[in-house]
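First the structure, in the form of structure tokens, and then the observations on it.
The values are calculated or read from the model by the stated rules, or taken from the named source; none is laboratory data. A quick note: this is a predicted structure, and the numbers were derived from the prediction, not measured. Cβ: placed from backbone, ideal geometry, glycine included. Neighbour counts: every protein chain shown. Remember, those area values only see protein heavy atoms, side chains included, never the ligands or the DNA or RNA. Shrake-Rupley method; radii C 1.70, N 1.55, O 1.52, S 1.80 Å.
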Amino acid sequence: MSDLTNEIVLRPRFELSLNTELDRLKQIFDDCSEDPFMVKRLDEHIYIRFKKKSTTFWTPQLHLELTSFEKGVSKIHGVFGPNPTLWTFFMFLHFGVGTLFLILAAFAYSNYSLGKDITLWIVGMVFLIIVWFSLYAFGRMGKEKGKPQMEQLKTYLRKLVSDFKRV
């Protein structure tokens, strides 16, 4: 598992290959229960979260997907991320700002081609660019605040799969 050194991504990903059958790996996640973690498994999807008493606004979760395409080898694809509701809202804001930017750009172009003043439209577009960068900075700040708990999730996963040999 990498040490998540990529500083650009807001939702770090990793892949882990293990020498084990998929059913045995699923059983490990069915039987694990340790404070402060809550583990839920839905078929090949596993969600490792912190229990309610340990969560903050920035608390990350770990989503794992188990796959196996050859006998005796299973892969874990993992994604660290915020609460899905928070992530959806965050993406909604990004797409909303992007859409408004395009609308203002269309009005600015229309007014420019008609020879009218476009100062107001340009000011609005600059404002939206500032909002866009602020949202990105806000996301980065959240990632930094959640990093200690992300490390806890990573350590817990390593502990769970420590009995299996890596491929």
Inset, instruction - Please find the FRET efficiency linking Thr85 to Arg24, where r is the Cβ-Cβ separation and R0 is fixed at 35 Å, and quote it to the nearest 0.05. - result: 0.60
Inset, instruction - Report relative contact order for the range 11-112 in percent, whole number only (criteria: Cα-Cα under 8 Å, sequence separation at least 6). - result: 28
Inset, instruction - Could you tell me the distance between the Cα centroids of the range 8-62 and the range 137-167, to the nearest Å? - result: 10
Legend entry - Cut-off 20 Å (backbone N to label point 7 Å along Cα→Cβ of Leu93), residues of the range 10-24: 10-12
Legend entry - Label-point separation, Phe69 to Lys53 (7 Å along Cα→Cβ), nm: 4.4
Inset, instruction - Mind listing the long-range amide H neighbours of Thr20? Cut-off is under 5 Å, sequence gap 5 or more, other chains count too, H placed in the peptide plane at 1.01 Å from N. - result: Val73, Ser74
Legend entry - Check: the range 77-160 dipole with +1 on Lys, Arg Cβ and -1 on Asp, Glu Cβ, in debye: 500
Inset, instruction - Please check the chain for the longest run free of trypsin sites (Lys or Arg not before Pro) that are loop-located per DSSP (anything but H, G, I, E, B) and have at most 13 other Cβ atoms within 10 Å. - result: 1-50
Inset, instruction - Round to the nearest 10 and give me the degree value, 0 to 90, for the angle of helix 84-113's Cα axis relative to the longest principal axis of the chain. - result: 20
Legend entry - Of (i) 46, 29, 27; (ii) 71, 38, 27; (iii) 52, 41, 37, the label for Cα extents along the principal axes in Å derived from the coordinates: (ii)
Inset, instruction - Can you figure out the FRET efficiency of Thr155 with Ile129, using R₀ = 45 Å and their beta-carbon distance, to the nearest 0.05? - result: 0.70
Inset, instruction - Specify which residue in the list Thr67, Leu22, Phe164 is farthest towards the positive end of the charge dipole of the chain, using unit charges on the beta carbon of Lys, Arg (+1) and Asp, Glu (-1), about the Cα centre. - result: Phe164
Inset, instruction - Heavy atoms only, probe 1.4 angstrom, no DNA, RNA or ligands counted: give me His77, His94 ranked by accessible area, highest first. - result: His77, His94
Legend entry - Percent carbon-and-sulfur accessible area, the chain, ignoring ligands, DNA and RNA, probe 1.4 Å: 62
Legend entry - Heavy-atom accessible area per residue - the range 29-93, 1.4 Å, Å²: 59
Inset, instruction - Keeping every protein chain in place, order Phe14, Phe107, Phe69 by accessible area at 1.4 Å, biggest value first, i.e. largest first. - result: Phe69, Phe107, Phe14
